[in-house]
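Participant: Have a look at the structure that comes next, please.
The values are calculated or read from the model by the stated rules, or taken from the named source; none is laboratory data. Since the structure is predicted, the reported quantities are computational estimates derived from the model, not experimental observations. Note: ideal-geometry Cβ built from the backbone for every residue, glycine included; neighbour counts use all protein chains shown.
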Amino acid sequence: MTKLISLFTTIFLTGCSLVGIRTAEEPHYQVLQDYGNIQIRQYPPILIAQTEITGNYDNSGNQGFRRLAGYIFGKNQSQQQITMTTPVIQEKQSAEQIAMTAPVLQQQFGDKWYMAFILPNNYTLATAPIPNDSAIKLVEMPSKKLGVLSYTGVISEQSIKEKSIELQSWLTQQKYTMISPAQSAAYDPPWTLPFLRRNEIHIEIK
């Protein structure tokens, strides 16, 4: 976990802070209903870089994050040199760098965890750099309506499970039809004060 925290700190160095100030780009969405810590949102199509890892929560999170971070920091087939915009990195690499966005998505399927970074809005499947690592896939996600539960504190496998059950129960009570498993979304690095962290659970609904 120490290495993961170090990497997360580097990536979010200027994207957010110890006191919860965030400047990293986020996907645009429309709030359809607001119930406090639970919202119904409509998301447009988004482009993600995703990977799958077999293992427990901590190990898969570490491996998946490093793999995806390598992609956005230049391990891709584009040779164009651009400067990182969010966060600001004071150097250029021989390969294209891609701005970090929030949130980082994580979801469990059996004994596998899937992790995804959302790419900036200016990229499409046709223009996004091709990953060097074949374990990373670029996927264009269609427009979705999501039930979203927001909470603070430290993310763990247990907190994801508990908050997922809470959101599932609420959606069932409100007569929403769920059409996807629960997904964890993290907006802050581990060193952000726990009570200032923005964490979410997402479930797609009809």
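Participant: Quick one: which of 47, 32, 7, 68 is surrounded by 15 or more Cβ atoms within 10 Å (Cβ to Cβ) and at pLDDT 90 or above?
Facilitator: Just a single option satisfies the conditions, and that option is 47.
Participant: Another question about this same structure. Which one of these does residue 167 not meet: (1) surrounded by fewer than 18 Cβ atoms within 10 Å (Cβ to Cβ); (2) in contact with a strand residue (DSSP E or B) (Cβ under 6 Å, 6 or more places away or on another chain); (3) at pLDDT 95 or above?
Facilitator: (1)
Participant: Here are the criteria: (1) buried (at least 20 other Cβ atoms within 10 Å of the Cβ); (2) assigned to a strand (DSSP E or B). Tell me which single one residue 188 does not satisfy.
Facilitator: Failed condition: (2).
Participant: Looking at residue 159, is it in a strand (DSSP E or B), at pLDDT below 95 and surrounded by 15 or more Cβ atoms within 10 Å (Cβ to Cβ)?
Facilitator: So residue 159 fails the test.
Participant: Among the numbered criteria (1) over 30 Å from residue 171 (Cβ atoms); (2) at pLDDT below 70, which one does residue 24 miss?
Facilitator: (1)
Participant: Can you name the residue in segment 107-139 that is in a strand (DSSP E or B) and among the aliphatic types (A, V, I, L, M) and, of all such residues, is nearest to residue 158 (Cα to Cα)?
Facilitator: 115
Participant: Sticking with this one: Return the pairs, sorted by first residue and then second, in which the second residue is at pLDDT 80 or above and not hydroxyl-bearing (Ser, Thr, Tyr), the first residue lies in segment 69-80 and is part of a strand (DSSP E or B), the beta carbons are less than 8 Å apart, and the residues are 6+ apart or on different chains.
Facilitator: That search, which allows pairs on different chains as well, returns 76/129; 76/130; 76/131; 76/132.
Participant: Working carefully through the options 112, 137, find the one that is at pLDDT below 90, touching a strand residue (DSSP E or B) at 6+ places or on another chain (Cβ under 6 Å) and surrounded by fewer than 18 Cβ atoms within 10 Å (Cβ to Cβ).
Facilitator: Matching residue, one of 112, 137: 112.
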